[in-house]
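See below for the structure under consideration.
What follows draws every value from the coordinates through simple rules; no lab data is involved. No experiment lies behind these values; they were computed from the predicted model shown. Using ideal geometry, Cβ is built from the backbone for each residue, glycine included, and neighbour counts are taken over all protein chains shown.
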Ligand code: CP3
């Protein structure tokens, strides 16, 4: 349940006076926030409190997270020179990643038997923020760049792959026992563009943890046409958003790939019998896949009643 913490009063209390990215880089605070939804909802795993733009910040990019908006860059990355300046920042070192490693280590200690999922943004989604300068609807500037100047696009996404891969690797080395790569905006791409201009960089990001014994989940929204291509970059599990029923996702993947998903976040605010029927349907459809991690089909809306999330977790455990 991504951004599950946002709906919790204890999360909002913990965050008072601390900017989002400062909270991510405070190991004790990041650890406490990670634990809050686990205590509340008795879920089977925790997801580390951080953000996909944290490695960009640690690499030296001017980025902030504006509440209600999302990641916003000091300046957009549009030209070959802009990309060269990013590459001049150099690799993201384990020393720079120390606040992340410390936060993960504290969290893993406190979680005991409950596994911690580490995560990172995929190069396309990061590039979409960098090229647009902030959130955008169709990621037009990023998609233009990949065709107008493929060499600059490749340089940008390779840089992003190494920065985000280093972030993922630091979390696993500090004790995370599964990983998730978020290509949240990949759904704006055709399969042909994904395969030619994005998949190589995503494979490169995941290659940073290829030598470690850790399962890799790969998720995006609006990716019904991309599921097999997203698996084929090196994922063990494919995350599915709420748009495609899991039995159909399983068919598209040839019945060989475990799935994650895909309760529709909109139904969290529906009357309980409606939500209950939906959760039972998701679990039934997911049961045809070789494995199923029950999760939402995208993040938790901030206004969600947390007691509903607790009830969903209970229901899934009962089933
Ligand atoms: O649930 C968790 O807290 C896990 C940690 C987590 C966050 N962001 C914390 C966060 C994870 C896994 C993410 C991933 C993330 N961040 C993605 C990929 C997953 C997805 O949802 O598609 C993306 C695209 C981002 C970028 C980003 N950061 C967005 C779009 C936003 C929301 C902006 C808003 O206010 O609507 C953020 C901020 C953010 N990241 C919050 C949290 C808890 C909210 C901060 C707050 O308002 O307190």
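Give the calculated FRET efficiency between residue 109 and residue 45 to the nearest 0.05, with a Förster radius of 25 Å applied to their Cβ-Cβ distance.
E(calc), rounded to 0.05, equals 0.95.
What order do you get for 8, 58 when you list them from fewest to most C-beta neighbours inside 10 Å?
In increasing order of surrounding Cβ atoms, one gets 8, 58.
What number results when the radius of gyration of region 137-193, computed over Cα atoms, is divided by 2.2 N^0.38 Å?
Working it through for region 137-193, the quotient is 1.38.
In nm, what is the difference between 0.36 nm times the number of residues separating residue 274 and residue 303 and their Cα-Cα distance?
My answer for the length gained is 8.6 nm.
If you take all C-alpha pairs in region 44-111, what percent of them are over 17 Å apart?
Looking at region 44-111, the distances longer than 17 Å represent 55 percent of pairs.
Does a label point 7 Å from the Cα of residue 72, set along Cα-to-beta-carbon, have any residues of region 23-64 with amide nitrogen under 20 Å, and which are they?
23-25, 51-58, 60-64
Just to check, using Stokes-Einstein with a Kirkwood Rh over alpha carbon pairs, what's the diffusion coefficient of region 28-167 at 4 °C and 1.567 mPa s in µm²/s?
So the translational diffusion coefficient is about 80 µm²/s.
Using 7 Å Cα-to-Cβ label points, what is the residue 26/residue 287 separation (nm, one decimal)?
That separation, rounded to one decimal, is 4.5 nm.
Per the helix-only calculation at 222 nm, which mean residue ellipticity applies to the chain, given -39500 (n - 2.57) for every DSSP H run of n ≥ 4 and division by its residues, nearest 500 deg cm²/dmol?
My calculation for the chain gives -14000 deg cm²/dmol from helical runs alone.
In percent, how large is the relative contact order of region 1-110, given Cα pairs closer than 8 Å and 6 or more residues apart?
Once divided by the residue count of region 1-110, the mean separation gives 30 percent.
What's the center-to-center distance, using Cα atoms, between region 168-199 and region 13-33 in Å?
Each part's Cα centre sits 25 Å from the other's.
Give the distance, in whole Å, between the Cα centre of region 41-111 and the Cα centre of region 286-319.
Answer, in whole Å: 27.
Taking the Cα atoms of the chain, what is the range of coordinates along each of the three principal axes, in descending order and whole Å?
If we take the Cα atoms of the chain, the spans are 55, 44, 37 Å.
Separation between the residue 10 and residue 144 pseudo-spin-labels, each 7 Å from Cα along Cα→Cβ, expressed in nm?
Output for this residue pair reads 4.8 nm.
Modelled label-to-label distance, residue 311 and residue 18, 7 Å Cα→beta-carbon offset: nm?
Placing both labels 7 Å along Cα→Cβ, they lie 3.1 nm apart.
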